[in-house]
1. For the range 344-398, which positions are open to solvent by less than 50 Å² (accessible area, probe 1.4 Å) and touching a Gly at 6+ places or on another chain (Cβ under 9 Å)?
2. Give the residue that is farthest from the chain's Cα centre (by Cα), with candidates limited to residues of the range 472-492 that are open to solvent by less than 50 Å² (accessible area, probe 1.4 Å) and modelled with pLDDT under 90.
3. Applying the selection to the range 98-119, what residues are open to solvent by 10 Å² or more (accessible area, probe 1.4 Å) and closer than 12 Å to Phe478 by Cα?
4. In this structure, does Ser26 turn out to be touching a residue at least 40 places away in the same chain (Cβ under 8 Å), farther than 26 Å from Val442 by Cα and either surrounded by fewer than 20 Cβ atoms within 10 Å (Cβ to Cβ) or of a type in the set (Ser, Thr, Tyr) (or both)?
5. If you go through the range 174-202, how many residues are assigned to a helix (DSSP H, G or I) and in contact with an Asp or Glu (Cβ under 8 Å, 6 or more places away or on another chain)?
6. Scan Ile162, Ile166, Ile131 and give me the residue that is at pLDDT 75 or above, in contact with a helix residue (DSSP H, G or I) (Cβ under 9 Å, 6 or more places away or on another chain) and either open to solvent by less than 20 Å² (accessible area, probe 1.4 Å) or small (Gly, Ala, Ser) (or both).
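The values are calculated or read from the model by the stated rules, or taken from the named source; none is laboratory data. All figures in this text were calculated on a predicted structure; none of them were measured in a lab. Neighbour counts run over all protein chains shown; Cβ positions are idealised from the backbone, glycine included. When the accessible area is computed, the model is the full protein with side chains, heavy atoms only, and any ligands, DNA or RNA have been set aside. Shrake-Rupley method; radii C 1.70, N 1.55, O 1.52, S 1.80 Å.
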Amino acid sequence: MGVDLFFAAVVLLVCFAVLDLVVGVSNDAVNFLNSAIGSRVAPRFVIMMIASLGIIAGVSFSSGMMEVARKGIFHPQFFTMPELMTIFLAVMITDIILLDLFSTYGLPTSTTVSIVFELLGGAVAVSMLKIAAEQGNLLGFTQYINTGQALVIIFGILLSVIVAFIFGAVVQFLSRLLFTFDYVKRLSRYGALWGGLALAFITYFILIKGAGGATFIPPESAAWMKNNAPELIAWIFAGSAALLQVLHLFRVNILKTIVLVGTFSLAMAFAANDLVNFIGVPMAGLHAYTFAEATGSPLTATMEALGNKVPTQNILLLIAGLIMVLTLWISKKARTVIDTTVNLGQQHEDAEEFESAYISRGIVRIILRFFHFIRFFVPSPVRRWVAGRMDTSKYTVDPGLDRRPSFDLLRASVNMMVASAVISYATSQKLPLSTTYVTFMVAMGTSFADLAWGRESAVYRVTGVLTVIIGWFVTALFAFTLSGLMAAAIFYGGAYGVVGLVGLAGLIIWKNHAKHSARSKHKEMDEVFNLKKVTDPGETISTSSAHMSILLREIRLSLDAALEALFIQNIDWLNVEKKKNRTFQRWANIIIANV
């Protein structure tokens, strides 16, 4: 293969970078939009504007160092440019397929874990094939790989899940005891102090996670911020509390301020730190090609130069930021992923997205027995006091909203505060944590503490959470395996292998798009069939009649399709129509409940 062919590979990697930005933002947008959209803190376009500004700010503050893709997982000095191109092409094709698949089904996953294990799988495959071609010992592949990094990531998965859920639940429980569900009247007493604490952690998060890699912040200042965290947080707390108290005097909603600032900070951190997950590999491929061209033997020279720091041009970062913002506004799959997280944490009971599973029922029984056991050690006066403070009947919705929020502003602000605090501390201590895992599990912990998982909905919510968590581990396994297989196909097939894999990826993405469109149609129907509380008898009759007409129409269409499938003996078509029975039953139950 000539050098010109590898230039075409670099161009293809750049195209993959654009696609990866689109599918990546579609999945990761839930990290910074979940709390704002779930609480309906502001009109959707206002939330999107704030998130967009956060993304642009994060891209501007990014140092542009794409370290993970170049040397974080493997040792580049053991590979030539063609071998690295094989790894990078396999990684990008796998990443696009993987993230698009998760977004199609509305499941949030970690773009960091996916890219790391794709790099690991591709590097392991190429190094073993290289050793096999040289008739060496296959176990020698370990010298090519930075195995310690993979173990750190796996540890980060477990740590993120456990720590984030516990901290989210504990802080939300204490916050609810302080403010109760009727929190508005108590904000005037100590809302400024509580809000000051929340803003202190969020602002510290911006400094440590969002702007920590900014080139305009001197290394001495960054080191001082990390080493003097308590003093810095104390000063920010004092200033934030005073500012919020002044804003409260002017009747500005303190909690809305916290949620919107938190949305900006998480969006900024996402752009500053997760950008490497999408464009790091293509940039590493570009640098490898440039370094190889500068040598006398571009196809055989090893890539020691990739071990040095090579910043990415600011114009490329800005273009990437604009693509991310555009995707944020137009991506339907981003809304699907956000809906999954919001629905799992909604305060009220509604049509559940996930089914009841045996393991989830077992977990709910164990938890109920545990809390029933704890009751014996808590005095009756304390139990009555806690029950009064956690009285969910006092949860009210702003009548001015056209649709009720999934949870209130207090929980949304706790989500922002706890996620910012956990990620900031982990970053300052160099502990491995995933932003996606932290934000999701904090949201689940706060909803659990808020008694959002009632007896009727708990088994469905637990099934949903388990599905997402299992998906995280599947991400690592799928990324490693598929990337390794694709690297092997490119290693042996060359340009023909690349063309074949690109075609395969295109087919998978097209089928995912069709499947997502079908799921979106069902979602729109589910929005029609919803539980409504009305006082006008005329509206009741009108609503129920409209629901009945839609239900009967869909049953007739399904029956016609089933009969036609029966006549032509199409088993697959019959199975599709059979699965619709569950949806029809759910719609019928909602009509009965409304009546």
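1. Result: Leu344, Gly345, Gln346, Glu352, Phe354, Ser360.
2. First, pick out the residues of the range 472-492 that are open to solvent by less than 50 Å² (accessible area, probe 1.4 Å): 472, 475-476, 479, 482-484, 486-490.
Still in the list and also modelled with pLDDT under 90: 472, 475-476.
Details: Trp472: 10, Thr475: 13, Ala476: 15 Å.
Top of the filtered list is Ala476.
3. Selection gives Leu101, Phe102, Phe117.
4. In short, no.
5. The first filter runs over the range 174-202 and keeps only residues assigned to a helix (DSSP H, G or I), leaving 174-179, 184-202.
Checking the rest, the ones that are also in contact with an Asp or Glu (Cβ under 8 Å, 6 or more places away or on another chain) come to 176.
Number of matching residues: 1.
6. On the way: Ile162 fails: either open to solvent by less than 20 Å² (accessible area, probe 1.4 Å) or small (Gly, Ala, Ser) (or both); Ile166 fails: either open to solvent by less than 20 Å² (accessible area, probe 1.4 Å) or small (Gly, Ala, Ser) (or both).
When all the criteria are applied, what remains is Ile131.
Let's see how each residue does on (1) among the small types (Gly, Ala, Ser); (2) open to solvent by less than 60 Å² (accessible area, probe 1.4 Å):
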site	(1), (2)
Asn228	no, yes
Ala234	yes, yes
Phe250	no, no
Ile254	no, yes
Val276	no, yes
Ile279	no, yes
Ala301	yes, yes
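Let's see how each residue does on (1) of a type outside the set (S, T, N, Q); (2) more than 30 Å from Asn27 (Cβ to Cβ):
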| site | (1), (2) |
| --- | --- |
| Asn227 | no, yes |
| Leu247 | yes, yes |
| Phe250 | yes, yes |
| Ile258 | yes, no |
| Thr290 | no, yes |
